[in-house]
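Written out below as structure tokens is the structure these notes cover.
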Amino acid sequence: MPIYTISRKEGGWSVLEMLRCRLRLSWSQARKLVQERRVLLGGEVCRDAARRVKAGQRVQVREAGQTAPPKKAGGPVICFVDKHLVVVDKPAGLTTMRHPEEAAEFGERGRRFLPPTLADLLPGLLAQAGKGKPGRVRAVHRLDKETSGLVVFARTPQAESQLGKQFRAHSIERRYLALVRGRARPGRIESVLVRDRGDGRRGSTSEPGLGQRAITHVGVVEELGAYTLVECRLETGRTHQVRIHLAESGTPLCGERLYDRPLHGKPLPDQSGARRPALHAASLGLRISELF
């Protein structure tokens, strides 16, 4: 099993670009290695060909036939933890945290009668992992229930304050992977989003003085027949921003059931079979030094 160490020059390259140059492969050959789960970064299987590598990172390429079977979807997984914060990979179907109105209505009864949230489960996960005293974790942002991916929680009041400032200033780098219907085009999407575009759904408006400015940068990762795998980088972080912008561009998410139709129009066809919106929060870029 060949093992490589990422050089300074390669730092910041995509996995695809690194494999192509290191192994002298074509783009399709390099992509196939990732699709076959034969590439490991830091000992973990790499599933994202667009993922950026870091200088000093160890990369392994397994021989054909050495791949492990895909793991079944499970519960939340702690990806990073220190005394200031914890980053968790949230599975789809799990609510990030209790809505304030719900918490006010049910109080402590919510823990007994309502499904647990990620915030409810996290102290126990930290204790099981032996990551110090569980204490209180503080959610500083959220993902939709059916969106999977990375969520960060603060472990101290100072971290909560500083992370909150970074999210409000939109200085945190957030990258999503999405599978959409049709052929997506790369580019910058900017619009003003409102809570109700006229049919009870959120959407964009051209009326002055309304809504919030939203900007999404879309890049094409791979074309997959009638579908496209894209990456979306957020310049702002509005509610359902990625889902709305992709839908209004004519390429709604596979599995999208809310933003899958034009205003007062019929739902667009979806033959993907996806049971949820195919959206995953793949990476977060935080300024850790500001937490100390």
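Quick check on region 137-144. Is at least one of its residues assigned by TED's automatic domain parsing to the domain that holds residue 255, assigned to a strand (DSSP E or B) and in contact with a Phe, Trp or Tyr (Cβ under 9 Å, 6 or more places away or on another chain)? Checked against the condition, which is being assigned by TED's automatic domain parsing to the domain that holds residue 255, assigned to a strand (DSSP E or B) and in contact with a Phe, Trp or Tyr (Cβ under 9 Å, 6 or more places away or on another chain), region 137-144 yields no hits at all. Residues that are of a type outside the set (A, V, I, L, M, F, W, C), within 30 Å of residue 80 (Cα to Cα) and part of a strand (DSSP E or B) do occur in region 206-218, at least one of them. Criterion applied to 132, 110, 149 was being at pLDDT below 90 and either assigned by TED's automatic domain parsing to the domain that holds residue 276 or surrounded by 15 or more Cβ atoms within 10 Å (Cβ to Cβ) (or both), and the one residue passing it is 110. With respect to the conditions (1) out of contact with any helix residue (DSSP H, G or I) (no Cβ under 6 Å at 6 or more places or on another chain); (2) touching a residue at least 60 places away in the same chain (Cβ under 8 Å), residue 189 lacks only one, and its number is (1). Scanning region 174-199 for residues that are in a strand (DSSP E or B), within 23 Å of residue 269 (Cα to Cα) and of a type in the set (Lys, Arg) yields a count of 1. From the list 161, 171, the lone residue that is modelled with pLDDT under 95, surrounded by fewer than 22 Cβ atoms within 10 Å (Cβ to Cβ) and not in a helix (DSSP H, G or I) is 171.
Would you check if residue 192 is in the same structural domain as residue 246 (by TED's automatic domain parsing), closer than 14 Å to residue 248 by Cα, more than 21 Å from the chain's Cα centre (by Cα) and at pLDDT 95 or above? Here the answer is yes, as residue 192 does meet what is asked.
For residue 179, state whether it is crowded, with 17+ Cβ neighbours inside 10 Å and in contact with an Asp or Glu (Cβ under 8 Å, 6 or more places away or on another chain). It is false that residue 179 is crowded, with 17+ Cβ neighbours inside 10 Å and in contact with an Asp or Glu (Cβ under 8 Å, 6 or more places away or on another chain). From 258, 286, grab the single residue that is touching a helix residue (DSSP H, G or I) at 6+ places or on another chain (Cβ under 8 Å) and under 19 Å from residue 151 (Cα atoms). Just one listed residue meets the conditions, 286.
Considering (1) modelled with pLDDT of 95 or more; (2) buried (at least 20 other Cβ atoms within 10 Å of the Cβ); (3) within 17 Å of the chain's Cα centre (by Cα), the lone condition that residue 227 does not fulfil carries the number (3). Pick from 200, 209, 285: which is within 24 Å of residue 46 (Cβ to Cβ) and either more than 21 Å from the chain's Cα centre (by Cα) or surrounded by fewer than 16 Cβ atoms within 10 Å (Cβ to Cβ) (or both)? After ruling out the rest, the residue left standing is 285. The residues of region 24-43 that are surrounded by 14 or more Cβ atoms within 10 Å (Cβ to Cβ) and farther than 16 Å from residue 221 by Cα, listed by number, are 25, 37, 38, 39, 40, 41. Find the residue count for region 200-249, including only residues that are touching a residue at least 40 places away in the same chain (Cβ under 8 Å), among the aliphatic types (A, V, I, L, M) and farther than 25 Å from residue 267 by Cα. Total meeting the criteria: 2.
The values are calculated or read from the model by the stated rules, or taken from the named source; none is laboratory data. The shown structure was predicted, so the numbers you read here are calculated from the model rather than taken from an experiment. Cβ sites come from the backbone with ideal geometry, for glycine too, and all protein chains shown count toward neighbours.
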